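Below you'll find the structure, written out as structure tokens, and then a few comments.
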């Protein structure tokens, strides 16, 4: 995979609005995270504190999430870009160094949580996972990694959010009168 591709939003004052106005399918960000990808739910831990039980991800996943921080922030957040807060389509390619493979939805869920935790997206509810009828998991013993491609994709909840914004603006206008 080539180096990072990032949409140029430098000319826009309201970068979030510029992202919302993109055409469906327009590439926003493409980057890779080197190292063996990890899923979140494999080898979860059950911890009891007081009267409560809590399920934690594996220690391996926690280390992997910390490892991903620099790559995610270098791809987006460190360029003064706000977390993406509109519908997106994400395609991932997982390259593993062995055929010990997690399930595809586990990789999707883990990496949705990771890019949210590290400021690329505001909320993983906006994600529409796509595969373009291609395999998602590959073998590369010498260079395990995950490749992430984020494109604009209208989400049904955007219409609801816009309706809520309009209602709130009308309400504020009435109060100001």
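Bear in mind these aren't lab numbers, they're just calculated from the coordinates by the rules spelled out. Just so it is clear, the model here is predicted, and its values are computed rather than measured. A quick note on method: Cβ atoms are made from the backbone with ideal geometry, for glycine too, and the neighbour counts reach across all protein chains shown.
Tell me the angle of helix 59-75 to the major Cα principal axis of the chain, expressed in degrees between 0 and 90 and rounded to the nearest ten.
50 degrees
Residues in the range 100-114 near a label at residue 139, defined as backbone nitrogen under 15 Å from the 7 Å Cα→Cβ point?
100-102
Please find, in a Gaussian network model of the chain (springs between Cα atoms separated by less than 10 Å), the residue of 62, 26, 13 whose mean-square fluctuation is greatest.
Result for the chain, Cα springs under 10 Å: 13 fluctuates most.
With contacts defined as alpha carbon pairs under 8 Å and 6 or more residues apart, what's the relative contact order of the chain in percent? Could the numbers behind the result be given before it?
Details: 281 pairs, mean separation 56.5, N = 177.
Computed value for the chain: 32 percent relative contact order.
For the range 84-108, list residues with backbone N below 20 Å from a point placed 7 Å from the Cα of residue 172 toward its Cβ?
85-86
Would you mind telling me which residue in 28, 115, 59 has the biggest mean-square fluctuation in a Gaussian network model of the chain, where springs connect alpha carbons within a distance under 10 angstrom?
In this elastic network of the chain, the residue with the biggest mean-square fluctuation among 28, 115, 59 is 59.
Would you calculate the separation in nanometres between label points at residue 113 and residue 73, each defined as 7 Å from the Cα along the Cα-to-beta-carbon direction?
Each label point is offset 7 Å from its Cα along the Cβ direction, giving 2.0 nm.
How big is the range 79-177 by the Kirkwood estimate over distinct Cα pairs, in Å? Don't jump to the answer; show the numbers that get you there.
Values: mean 1/r = 0.0634 Å⁻¹.
Value: 15.8 Å, from the Cα pair sum.
Just how far, in whole angstrom, is the range 145-176 from the range 83-126 if you go by their alpha carbon centroids?
That distance is 21 Å.
Order by neighbour count: 61, 12, fewest other Cβ atoms within 10 Å first, most last.
12, 61
What does the range 65-124 give for Rg and for Dmax, in Å, if only its C-alpha atoms count?
12.5, 38
Angle check, please: helix 156-176 long axis (alpha carbons) against the longest principal axis of the chain (alpha carbons), in degrees 0 to 90, nearest 10.
40 degrees
Report, as a whole number in µm² per second, the diffusion coefficient that Stokes-Einstein gives for the chain at 37 °C and 0.692 mPa s using the Kirkwood radius over alpha carbon pairs.
Numbers: Rh = 17.9 Å.
Stokes-Einstein gives a translational diffusion coefficient of 183 µm²/s.
I want to verify a result. In a Gaussian network model of the chain, Cα cutoff 10 Å, which of these has the top mean-square fluctuation: 121, 92, 55?
Greatest mean-square fluctuation among the candidates belongs to 55.
Taking the alpha carbon gyration tensor of the range 122-177, what are the square roots of 5 times its eigenvalues, largest first, to the nearest whole Å?
Square roots of five times the eigenvalues give 43, 12, 6 Å.
Angle, helix 104-117 long axis vs. longest principal axis of the chain, Cα atoms, 0 to 90°, nearest 10?
In the chain, helix 104-117 runs at an angle near 50 degrees to the longest axis.
At residue 5 and residue 162, where each label point lies 7 Å from the Cα along Cα→Cβ, what is the point-to-point distance in nanometres?
2.6 nm
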